[in-house]
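**Q** To start, I am sharing the structure in question, which I have written as structure tokens.
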Amino acid sequence: MSRLVDWARRSSPWLLHFNSGSCNGCDIEILAALMPRFDLERFGALLKGSPRHADVLVCTGPVTRQQAPRLRRIYEQMPEPKFVMVVGTCGSTGGVFRGCYNAAEGIDTVIPVDVYVPGCPARPEAIALGAVKLLEKLKNAQKQARGEK
Amino acid sequence: MVLDIFLGILQIVLFPGIVFCIGLTFLLEWIDRKYYADLQNRMGPLYVGWRGILQPFADFIKLMAKEDITPKAADRRLFTATPFFSVAVPLLALLFIPITNVTGVLSFQGDLIFVLFLTTVIAILIILAGYSSMNRYSSIGAARAGLQLMGYEIPLTLAALTPAMIARSLTITEIVKYQAVAGMSILIFPSMIAFGVFIITLLPELEKIPMDIPEAETELVAGWQTEFSGKKYAFLRLSNNLELLLGAGLAVTLFLGGPYGIEKLPGLTALDLAIQANIVLSTVWYTAWFLIKTAIVVLIITNLRALFSRYRIDQMVRGAWKYLTPLMIGITAITMLLSAAVPGLYPIV
Ligand code: SF4
């Protein structure tokens with residue numbers, strides 16, 4: 001039974017896209033990753049509107065001060081188990097916004113992050129690879145939890 | 001006696017009842033998603049099972065295993081109850097649809113009216129679901145859903161009643177049997193227009209894309225479903241799929257000749273008799289034809305979904321009250337006049 005649930009979790013990552021103050025470059029690339037050429041739906045990914053329905057929070061941007069509480073609230077609204085994927089250099093480290101008076105330095109200063117996809121903007125191939133990496137990481141974690149190698 | 005009861009329970013629970021219907025909805029969702037992706041030049045689900053065929057099942061299991069959040073402000077009892085009821089009601093209605101046989105699992109005189117009544121109950125459940133979550137987006141979504149479902153309920157009902165008037169019966173089995181003799185209703189004059197109207201009204205009833213105003217995600221997050229998570233959302237999704245199966249099944253039953261296949265064509269009487277003589281063969285044969293016809297209806301709906309973009313609210317209301325309702329009233333009148341004035345047109349069987 002738990003194997004079935006693990007398999008289901010690996011097979012249908014539903015995305016919620018959140019922009020925490022990015023320049024919108026990476027957001028366009030995320031949409032490109034969902035479009036015909038790369039089509040993340042082949043892994044079962046669907047773009048969802050409500051945080052209550054999503055499994056993976058796909059974030060961009062360095063988290064401006066105004067967005068930080070909202071990002072945290074959206075993260076808390078998602079039901080467990082949930083994962084966070086950061087797209088773009090500025091989301092990973094602050095990038096071009098590093099040292100700005102009004103922005104934190106990356107998503108991981110606000111919420112825990114599972115996968116980083118660097119690039120300014122990140123290419124859609126890289127985003128697809130990031131999604132695969134996330135699923136692999138999940139698979140390994142599930143194996144470890146079951147005590148297998 | 002005991003065996004009868006046992007067989008009856010088996011029919012309701014396993015085949016062609018609850019388990020079979022749920023499995024069928026997963027299959028139809030896969031067909032729908034795959035074809036939709038194909039129309040958009042994408043791949044669609046690919047790696048879960050053969051060509052992604054297990055994707056809807058994986059989605060369902062995943063949602064069942066997820067955390068189930070009930071917001072503090074929500075009306076707890078109603079919030080928990082509506083998803084379960086919204087699965088139970090279409091399942092009950094599906095038991096009346098003939099799948100493996102000419103008669104459904106349940107059947108009585110005038111059951112068509114009861115099935116149509118159940119579709120209205122689904123609309124009320126949707127309004128209750130949105131209202132009970134006490135979220136602004138949900139309330140607006142529920143209000144829109146009410147506006148939309150109530151508006152399109154009238155043309156839907158009238159369209160479903162047109163073949164009933166032609167067959168002079170409100171019993172689903174009788175309508176199917178009539179079509180076996182007189183040909184599919186889609187080939188008979190006013191009811192082919194009724195078929196078109198029926199398919200068009202299915203879109204707002206199922207909240208599919210040109211009419212997905214209640215869950216317009218660019219405005220309302222996810223409409224009346226916004227607050228539902230985990231198990232409850234799994235049930236709501238299942239309920240929507242069951243409604244799709246119910247709508248497609250009703251279209252097949254009323255307009256496309258139900259589970260009958262090619263054996264009713266003139267000249268194939270020998271085949272017909274051979275099928276009716278063997279119960280296993282007839283079950284397989286009828287189920288296969290029902291599946292094919294339902295899949296065709298679903299593909300039509302998917303095509304419409306991929307073709308159009310969302311309508312405005314005023315266009316949606318106008319579509320129901322200015323065009324479809326008068327059209328359907330006109331067609332009802334024409335059917336009645338024809339069947340009274342031209343005695344041989346709709347043969348009595
Ligand atoms: S990483 Fe670069 S392109 Fe992407 S959001 Fe940040 S600044 Fe924009």
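**Q** Specify the residue that is modelled with the lowest pLDDT; the eligible residues are those in the stretch B:48-69 that are part of a loop (DSSP other than H, G, I, E, B) and facing chain A (nearest Cβ under 10 Å). Show your work before the answer.
**A** To start, the set of residues in the stretch B:48-69 that are part of a loop (DSSP other than H, G, I, E, B) comprises B:48-49, B:53-54, B:66-69.
Going one step further and asking which of them are facing chain A (nearest Cβ under 10 Å), we end up with B:48-49, B:54, B:66-69.
Values: B:V48: 76, B:G49: 73, B:L54: 84, B:K66: 84, B:E67: 82, B:D68: 82, B:I69: 80.
If we take residues in the stretch B:48-69 being part of a loop (DSSP other than H, G, I, E, B) and facing chain A (nearest Cβ under 10 Å), then B:G49 is modelled with the lowest pLDDT.
**Q** Right, next: Quick one: in the stretch B:212-232, which of the residues that are part of a loop (DSSP other than H, G, I, E, B) and facing chain A (nearest Cβ under 10 Å) is surrounded by the fewest Cβ atoms within 10 Å (Cβ to Cβ)?
**A** B:A216
**Q** Given the structure, is B:V317 modelled with pLDDT of 85 or more, over 20 Å from the mean Cα position of the chain (by Cα) and either of a type in the set (G, A, S) or part of a helix (DSSP H, G or I) (or both)?
**A** yes
**Q** Answer yes or no as to whether B:L10 is under 18 Å from the mean Cα position of the chain (by Cα) and open to solvent by 20 Å² or more (accessible area, probe 1.4 Å).
**A** no
**Q** State all residues of the stretch A:1-25 that are buried (at least 20 other Cβ atoms within 10 Å of the Cβ) and at positive phi; if no residue qualifies, say none.
**A** Passing the criteria: only A:G21.
**Q** Exactly one of these conditions fails for A:E76: (1) more than 26 Å from A:K143 (Cβ to Cβ); (2) under 16 Å from the mean Cα position of the chain (by Cα); (3) within 16 Å of the ligand (Cβ to nearest atom). Give me its number.
**A** Of the numbered conditions (1) more than 26 Å from A:K143 (Cβ to Cβ); (2) under 16 Å from the mean Cα position of the chain (by Cα); (3) within 16 Å of the ligand (Cβ to nearest atom), the odd one out for A:E76 is (3).
**Q** Name the residues in the stretch A:9-40 that are part of a helix (DSSP H, G or I) and within 10 Å of chain B (Cβ to nearest Cβ), would you?
**A** Residues of the stretch A:9-40 part of a helix (DSSP H, G or I): A:9-11, A:25-34, A:40.
Correct list: A:R9, A:R10, A:S11, A:L34, A:L40.
**Q** Among the residues of the stretch A:54-63, are any buried (at least 18 other Cβ atoms within 10 Å of the Cβ), within 9 Å of chain B (Cβ to nearest Cβ), part of a helix (DSSP H, G or I) and of a type outside the set (A, V, I, L, M)? I'd like the intermediate steps shown before the answer.
**A** Restricting attention to the stretch A:54-63, the residues satisfying the condition of being buried (at least 18 other Cβ atoms within 10 Å of the Cβ) are A:54-63.
Pick out the ones that are also within 9 Å of chain B (Cβ to nearest Cβ) and you get A:55.
Those still in the list that are part of a helix (DSSP H, G or I) too: none.
No - not one qualifying residue is present in the stretch A:54-63.
**Q** In the stretch B:80-89, which residues are farther than 15 Å from B:A234 by Cβ and buried (at least 17 other Cβ atoms within 10 Å of the Cβ)?
**A** B:V89
**Q** Can you tell me which residue within the stretch A:26-53, out of those that are away from the ligand (no atom under 16 Å from the Cβ) and of a type in the set (A, V, I, L, M), is most open to solvent (accessible area, probe 1.4 Å)?
**A** Result: A:M35.
**Q** Which ones in the stretch A:116-149 are open to solvent by less than 30 Å² (accessible area, probe 1.4 Å) and not in a helix (DSSP H, G or I)?
**A** Selection gives A:V117, A:G119, A:A122.
**Q** Among the residues of the stretch A:103-115 satisfying the criterion of being within 15 Å of A:Q67 (Cβ to Cβ) and open to solvent by less than 60 Å² (accessible area, probe 1.4 Å), which is farthest from the ligand (Cβ to nearest atom)?
**A** So the residue we want is A:I111.
**Q** Kindly indicate the residue of the stretch A:4-25 that is without any contact (Cβ under 8 Å) to a residue 40 or more places away in the chain and away from the ligand (no atom under 16 Å from the Cβ) and also farthest from the chain's Cα centre (by Cα) among those meeting that condition.
**A** This residue is A:L4.
**Q** Continuing with the same structure: Could you run through the stretch A:83-101 and say how many residues are open to solvent by less than 60 Å² (accessible area, probe 1.4 Å), more than 8 Å from the ligand (Cβ to nearest atom) and assigned to a loop (DSSP other than H, G, I, E, B)?
**A** The qualifying residues number 2.
**Q** Any residue in the stretch B:29-47 that is within 7 Å of chain A (Cβ to nearest Cβ) sitting within a Cβ distance under 6 Å of a residue that is part of a loop (DSSP other than H, G, I, E, B) and open to solvent by less than 20 Å² (accessible area, probe 1.4 Å)? List the pairs, counting only those 6 or more apart or interchain.
**A** B:A37/B:G44; B:R42/A:D39; B:M43/A:D39; B:P45/A:G44
**Q** List the pairs whose first member sits in the stretch B:261-287 and is surrounded by fewer than 11 Cβ atoms within 10 Å (Cβ to Cβ), whose second member is part of a loop (DSSP other than H, G, I, E, B), and whose Cβ atoms are under 7 Å apart, counting only residues at least 6 apart or on separate chains?
**A** B:I262/B:L268
**Q** Something else now. So A:D108 passes all but one of these: (1) part of a helix (DSSP H, G or I); (2) over 29 Å from B:N135 (Cα atoms); (3) touching an Asp or Glu at 6+ places or on another chain (Cβ under 9 Å). Which condition number does it fail?
**A** Evaluating A:D108 over (1) part of a helix (DSSP H, G or I); (2) over 29 Å from B:N135 (Cα atoms); (3) touching an Asp or Glu at 6+ places or on another chain (Cβ under 9 Å) leaves (3) as the failure.
The values are calculated or read from the model by the stated rules, or taken from the named source; none is laboratory data. Because the structure is a prediction, the values reported are computed rather than measured. Neighbour counts run over all protein chains shown; Cβ positions are idealised from the backbone, glycine included. To get the accessible areas, we keep the full protein, side chains included, count just its heavy atoms, and leave off ligands, DNA and RNA. Shrake-Rupley method; radii C 1.70, N 1.55, O 1.52, S 1.80 Å.
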